[in-house]
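Chemist: Before anything else, here's the structure in question.
Every number here is computed from the coordinates shown, using simple stated rules; none is lab data. All values derive from a computational prediction rather than experimental measurement. Don't worry about glycine lacking a Cβ; one is built from the backbone with ideal geometry, like all the others, and counts go over all protein chains shown.
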Amino acid sequence: MLKGEGLGVRYGKQLPWLFQDLEVALEPGEMVGLTAPSGRGKTTLARVLAGYLRPTAGIVTIDGRPPPTTGYHPVQLIAQHPELAVNPRWRIGRVLAEGVPPAPAVLDALQIDRGWLQRWPHELSGGELQRIAVARALNPQTRYLMADEMTAMLDAATQAQIWHAVTVYAAAHRIGVLVISHDASLISRLCRRVEVLPEPPAICTAAQMDAEPGLRGGH
Amino acid sequence: MLQVQGLQVSFTVYTQGLRQRRLTVITDLDVTVRAGEVVAIVGASGSGKSLLAHAILGILPHNAELGGSISFQGKPLTQARKEALRGRAIALIPQTVAALDPLMPVGEQVRLAALRGGVPAAGAREVVAASFARYGLAPEAARLHPFQVSGGMARRVLVSTAVVGQARLLIADEPTPGLHPEVVTETLGHLRELADGGKAVLMITHDIEAALRVADTVAVFYAGTTVEQAPARDFAGGGEALRHPYTRALWRALPSQGFVPLPGAQPAPDALPPGCLFADRCPLVTAACRVARPPARELRGGTVRCIHA
């Protein structure tokens, strides 16, 4: 189980907490929705769980142990903008092989044309590139997936296609998925459990948030 | 107001060394926008939505070549006319705050937009103040730099820069993704209101649900072609009123509808099939579909490029 205990983040000692004392738990094979207005720290939480950001307070564990600090991270983050998640100077084939090369069945499920592997990232559309980013994460070493607005930039047909592939793979390989989205109907399609990030502690007023846009995530 | 017919965009690209090749990325794109109307362009990324906006504004890169016709207010929109009209009669509402100058206070940017849009210098400050008031921005916000405003405020600033002048045609490029639902509603409301005030609004989006909330007409793009233009009300029920199989698939793929995935992928510009561009993914495909590109034809108050519709 992926657990976050007493998680808190603030981006400076003088700055208000983005969230505090947060308890998160994600079981293998479970799909959980996470929603909240912009600026509550959804993306920050995903980054903490995936090991990109050390929380100011609290601890993240997988099956009771802290995740490895070197090698492949068992919690993989898929962000909204795939063009920022791949090396622009690598061909797609090399991008895909960066971690654990995905199985051909995964490429088929995501309908990845083998011709794309010879191309550069800028030669693929956003929807095509996001399939590559998803394929890169769907391998036996991935145990949890943080899908942070993973399909917010995509058309409905591509969105349904990617989610269909991810749902089937996650169920078959017991991967826990955190679905972060503003889209309530998408979350209700995918998840039985939905968590809403709480409002920041009262000390952090909306006016302060507006004055410190660095605290706002999501845009 | 705006009429695009049979638009083609191709790029000259280097394949290897000095060897050049022409790559046609838009073939047969049609769209019509009238005053008082919001027309939404929906489609996958890579379907040509943004290139259309670039073609209208005359900001395609120099290795691009244009075919077909674009006319604005009844006259052909030449490159010279595009340059004269953009920022004046034709304005863009950009996608992100990144379109603002990061080093200039937002109020100043709206003022410059007003000057370019034909507002006399003497009255510009008042016009900017009125625009700020109109979009619920506090007067003090004029002094903030782009990094100091929230996502919702940034959207209002961007709308202000586009409408503070005398633009007749507004092009909104992906105005909604990643925004909180309240801000989405507000932004869409602004577009509707501008159209109701007599402007023509072209909204480019991948989000059909957002489009349907404000648009009168929806143009569906696929692989650089307009496959269908439909009144927004046709997107209802199981999509029976829709004309093109791709439009129906898009509609049924929505999480609020069937969430039915559509197999396959959009063909790449360098590997377009000779016949219908959707043939490889179409449930209705027959041998005749693969022979020639179906021409656009009128059907039930819209247009469609499908021989089976």
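Chemist: Put one equal scatterer on each alpha carbon of the protein assembly as shown, apply the Debye formula with no solvent term, and list log10 I(q)/I(0) at q = 0.12 1/Å to two decimals.
Modeler: -1.23
Chemist: For residue B:45, what residues show an amide H to amide H distance below 5 Å, using hydrogens built from the backbone and excluding near sequence neighbours?
Modeler: Under 5 Å from the amide H of residue B:45: A:127, A:155.
Chemist: If I take all pairs of Cα atoms in chain B, what percentage of them are more than 35 Å from each other? Could the numbers behind the result be given before it?
Modeler: Values: 11019 of 47586 pairs.
Value for chain B: 23 percent of Cα pairs lie more than 35 Å apart.
Chemist: Considering only the other residues whose Cβ falls under 15 Å of the Cβ of residue A:61, what net charge follows from Lys and Arg at +1 and Asp and Glu at -1?
Modeler: 0
Chemist: For region A:1-112, what is the convex hull (Cα atoms) projected area averaged across all directions, in square nanometres?
Modeler: Working: hull surface 36.0 nm².
For region A:1-112, the mean projected area of the Cα convex hull comes to 9.0 nm².
Chemist: Restricting to Cα pairs below 8 Å that are 6+ residues apart, what does the relative contact order work out to for region A:2-215? Please round to a whole percent. Write down the numbers at each step before the final one.
Modeler: Numbers: 369 pairs, mean separation 64.9, N = 214.
It comes to 30 percent, rounded to a whole number.
Chemist: Next question. Can you give me the C-alpha center-to-center distance between region B:148-198 and region B:89-124, rounded to a whole angstrom?
Modeler: 14
Chemist: In debye, nearest 20, what is the charge dipole magnitude of the protein assembly as shown about its Cα centre with +1 on Lys and Arg Cβ and -1 on Asp and Glu Cβ, if you could check?
Modeler: 960
Chemist: Work out the length of the dipole vector of chain A about its Cα centre, built from +1 on the beta-carbon of each Lys and Arg and -1 on the beta-carbon of each Asp and Glu, and round it to the nearest 20 debye.
Modeler: It works out to roughly 480 debye.
Chemist: Give the dimensionless ratio obtained when the Cα radius of gyration of region B:102-166 is divided by 2.2 N^0.38 Å.
Modeler: The reported ratio for this selection is 0.98.
Chemist: Given the options B:114, B:211, B:141, state which has the largest fluctuation in a GNM of chain B using a 10 Å cut-off (strictly under) for Cα springs.
Modeler: B:141
Chemist: Still on this model: Positive end of the charge dipole of chain A (Lys, Arg +1 and Asp, Glu -1 on Cβ, about the Cα centre): tell me which of A:99, A:196, A:52 has its Cα farthest that way.
Modeler: A:99
Chemist: What is the distance in Å between the Cα centres of region A:87-150 and region A:1-20?
Modeler: A separation of 31 Å, based on Cα centres.
Chemist: Looking only at Cα atoms, what is the convex hull volume of chain A per residue, in Å³?
Modeler: 126
Chemist: What do you get for the angle between helix B:151-163 and the principal long axis of chain B? Use alpha-carbon atoms, 0 to 90 degrees, nearest ten.
Modeler: It works out to around 90 degrees.
Chemist: Okay, next question. Once fully extended, how much extra length lies between residue A:15 and residue A:70, figured as 0.36 nm per residue of separation less the alpha-carbon to alpha-carbon distance? Walk me through the intermediate numbers first.
Modeler: Details: separation 55, 0.36 × 55 = 19.80 nm, distance 3.06 nm.
Length gained, residue A:15 through residue A:70: 16.7 nm.
Chemist: If you don't mind, another one. Roughly what angle does helix B:124-134 make with the longest principal axis of chain B, taking Cα atoms, 0 to 90 degrees, to the nearest 10?
Modeler: 60
Chemist: To continue, here is another question. In debye to the nearest 20, how big a dipole does region A:113-169 give about its Cα centre with +1 on each Lys and Arg Cβ and -1 on each Asp and Glu Cβ?
Modeler: In debye, rounded to 20, region A:113-169 gives about 280.
Chemist: Please give the average number of partner chain Cβ atoms lying within 10 Å of the Cβ of each residue in B:95-103, rounded to a whole number.
Modeler: 0
Chemist: Order the peptides B:103-109, B:234-240 from the highest to the lowest mean number of other Cβ atoms within 10 Å of their residues. Write out the running numbers ahead of the final one.
Modeler: Numbers: B:103-109: 17.6, B:234-240: 14.9.
Listed from highest to lowest mean packing, they are B:103-109, B:234-240.
Chemist: Please find, in a Gaussian network model of chain A (springs between Cα atoms separated by less than 10 Å), the residue of A:196, A:95, A:75 whose mean-square fluctuation is greatest.
Modeler: So, out of A:196, A:95, A:75, the one fluctuating most is A:196.
Chemist: By how many degrees, 0 to 90 and rounded to 10, does the Cα axis of helix B:181-196 deviate from the longest principal axis of chain B?
Modeler: 90
Chemist: Decide, for region B:115-219, between rounded, prolate and oblate: order the square roots of the alpha carbon gyration tensor eigenvalues as a ≥ b ≥ c, take rounded if a/c falls under 1.5, and otherwise choose prolate if a/b is larger than b/c, else oblate.
Modeler: Oblate, because a/c is 1.5 or more while a/b does not exceed b/c.
Chemist: Another one. Per-residue mean of other chain beta-carbon atoms within 10 angstrom of the beta-carbon, peptide A:127-139?
Modeler: Values: counts 7, 6, 2, 1, 1, 0, 0, 0, 0, 0, 0, 0, 0.
Counting Cβ atoms of other protein chains within 10 Å of each residue's Cβ and averaging gives 1.
Chemist: Now for a different question. Among B:28, B:270, what is the fewest-to-most ranking by other Cβ atoms within 10 Å?
Modeler: Exposure proxy ranking, most exposed first: B:270, B:28.
Chemist: What does DSSP give for the protein assembly as shown in terms of the percent of beta bridges that are antiparallel, rounded to the nearest 5? If you can, show how the numbers build up before the last one.
Modeler: Values: 43 of 80 bridges.
Bridges in the protein assembly as shown are about 55 percent antiparallel.
Chemist: Hydropathy first: keep DSSP H helices in chain A averaging at least 0.0 on Kyte-Doolittle, then drop any whose Cα extent along the axis falls short of 15 Å, and list what survives.
Modeler: Taking the DSSP H segments of chain A (at least 15 Å long, mean hydropathy at least 0.0), we get A:126-137, A:156-173.
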